[in-house]
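Undergrad: Okay, handing you the structure first.
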Amino acid sequence: VSSRIRPSHAEIRLSNLIHNYRYLRDLVKNHNFVCPMLKANAYGHGDIECARALSQVGVHDFGVVLIEEGIRLREEGINGTILVFAGFDREAAGEVIKYNLTPVVSTLDDLKELAEQVPAGTSHRVHLKFNTGMNRLGFSEEEIPNLLRFFKESTKLQLAGICTHLFQAEDSFDPKGNTQIQLQKFEKISGNFESGAIVRHVLSSSAVCSQKFSGLGARPGIALYGARPALNKDIQLNLLPVMSIKSRVELTQKVKKHETVSYGGTWTAKQNSLIGVVPFGYADGYPRSASNKSFMIVKGRRVPVVGTVCMDYTMVDLTGVPYAEAGAEVVLLGQQDEESYFVEDLAAASGTISYEILTRISSRVPRIYSHEAV
Ligand SMILES: Cc1ncc(COP(=O)(O)O)c(C=O)c1O
């Protein structure tokens, strides 16, 4: 199917991805492990295309969550280390080995399952994840003696890295904050493992951008895609948005004063109005909670979304916008002339976070890739 049949599409600027990667890499002090997180289809940007672009500039570590995501990358020719964060069963352990994925393991059962299947005479590299407060995945500190024993006895698995995940990295500046507590715990845990051969990675986008930490590897996600991570507003960042979303006004409707627009009649015209119908709805990933709250850009002006966002369509108020007519370009995310509306704006308007908006841009929205800078 041609990606140009429908006018709605996401433009993905890979040059901005590379800019953001280099920028973040330079913020990571005294550590050369900077592993782009490509999970969830690279936060909606296309994992294969992003992996290829990053590989071309020398990146060799990638992070995904699902084994399926890792297999996809391998099948598309991505070499290098692919960290997978999900747990697995017997069958999946076989896939981990077959596709040479590097699991970030959180349970002793997973380690045993894997070790059993590693072919004789070979070994498989693994990382360990420790729970320092997120209380989602990861070994507890108490399990360290068992782990040390396991690795002493097993020749099948080679410990290549240890990590933890921060749950409130935006508090990096608080000397008594949760991040400091987590890092102290991680430091203590690290002391049990020989430091020479293993990589230690901790920092997510907020922690990298805070520039508060040194000597720890990083796994940035959201900032790589140019969305601002949760962080003190005073901190200036040089990130460029990677995804823009564009469409065209499919048709316009003249709506009389007191008439309503869309399901439920949640918006009433205060004057005779010109409504633009934009072929992009919640099935495309536009949040329904943005109804009557967010903006789009038409003819260089921010125009309000009016009425309830539908499955396939969203309406905007074009009243008073000169030359606003069917066929006019609509920018849902990004920049047009002097005006901009970014994913942070849409997230705030719809009561969510950039992560959720980006990862939910659905598969029926064609991604069009360019390498040029803005
Ligand atoms: C284990 C792990 N590391 C790193 C990241 C990247 O986080 P961020 O997108 O905030 O940089 C995530 C994402 O949630 C994650 O789950």
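Undergrad: Please report the relative contact order for the chain, taking Cα pairs under 8 Å with a sequence separation of at least 6, and give it as a percent rounded to a whole number. Walk me through the intermediate numbers first.
TA: Working: 826 pairs, mean separation 72.7, N = 374.
Computed value for the chain: 19 percent relative contact order.
Undergrad: Project the alpha carbons of the range 256-359 onto their principal axes and report the range along each, largest first, in whole Å.
TA: 38, 33, 20
Undergrad: Right, another one. So what's the gap between the Cα centers of the range 123-179 and the range 218-253, to the nearest angstrom?
TA: Each part's Cα centre sits 31 Å from the other's.
Undergrad: Please get the size of the charge dipole for the range 35-134, origin at its Cα centre, with Cβ charges of +1 on Lys and Arg and -1 on Asp and Glu, quoted in debye to the nearest 20. Write out the running numbers ahead of the final one.
TA: Working: 9 positive and 14 negative charges, 55 e Å.
About 260 debye.
Undergrad: GNM, the chain, Cα, under 10 Å: largest mean-square fluctuation among 151, 88, 213?
TA: 151
Undergrad: Right, here's the next one. Nothing charged except the Cβ atoms of Lys and Arg (+1) and of Asp and Glu (-1): what's the magnitude of the dipole of the range 218-362 about its Cα centre? Round to the nearest 20 debye. Mind dumping the intermediate values first?
TA: Details: 15 positive and 14 negative charges, 52 e Å.
In total the dipole reaches around 260 debye.
Undergrad: Another one. Take peptides 294-301, 74-81, 232-239 and line them up by average Cβ neighbours within 10 Å, highest first, as a rough protection proxy. Mind dumping the intermediate values first?
TA: On the way: 294-301: 21.2, 74-81: 14.2, 232-239: 11.0.
Put in order of decreasing packing, that is 294-301, 74-81, 232-239.
Undergrad: Sticking with this structure for a sec: Which value results when the Cα radius of gyration for the chain is divided by 2.2 N^0.38 Å? Mind dumping the intermediate values first?
TA: On the way: Rg = 23.6 Å, N = 374, 2.2 N^0.38 = 20.9 Å.
This ratio for the chain stands at 1.13.
Undergrad: Among 331, 193, 216, whose Cα sits farthest toward the positive end of the charge dipole of the chain (+1 at Cβ of Lys/Arg, -1 at Cβ of Asp/Glu, about the Cα centre)?
TA: Checked the options; the winner is 331.
Undergrad: In debye, nearest 20: dipole of the chain around its Cα centre with unit charges on the Cβ of K, R (+) and D, E (-)? Numbers along the way, then the final one.
TA: Working: 41 positive and 40 negative charges, 110 e Å.
Around 540 debye, computed over the chain.
Undergrad: Take the Cα of residue 5, step 7 Å along the line toward its Cβ, and report every residue of the range 342-374 whose backbone nitrogen sits under 18 Å from that point.
TA: Under cut-off, by backbone N: 362-368.
Undergrad: Take the range 1-99, drop everything but the C-alpha atoms, weight them equally and run the Debye formula without solvent; then report log10 I(q)/I(0) at 0.10, 0.17, 0.22, 0.24 Å⁻¹ to two decimals.
TA: Treating every Cα as an identical point scatterer, log10 I(q)/I(0) equals -0.32, -0.81, -1.14, -1.26.
Undergrad: Let me ask something additional. State the answer as a single residue: which of 65, 135, 158 lies farthest towards the positive end of the charge dipole of the range 57-158, with beta carbon charges of +1 for Lys and Arg and -1 for Asp and Glu, about the Cα centre.
TA: 158
Values in this text are rule-based calculations from the coordinates and carry no lab data. All values derive from a computational prediction rather than experimental measurement. Note that we place each Cβ from the backbone using ideal geometry, even for glycine, and neighbour counts take in every protein chain shown.
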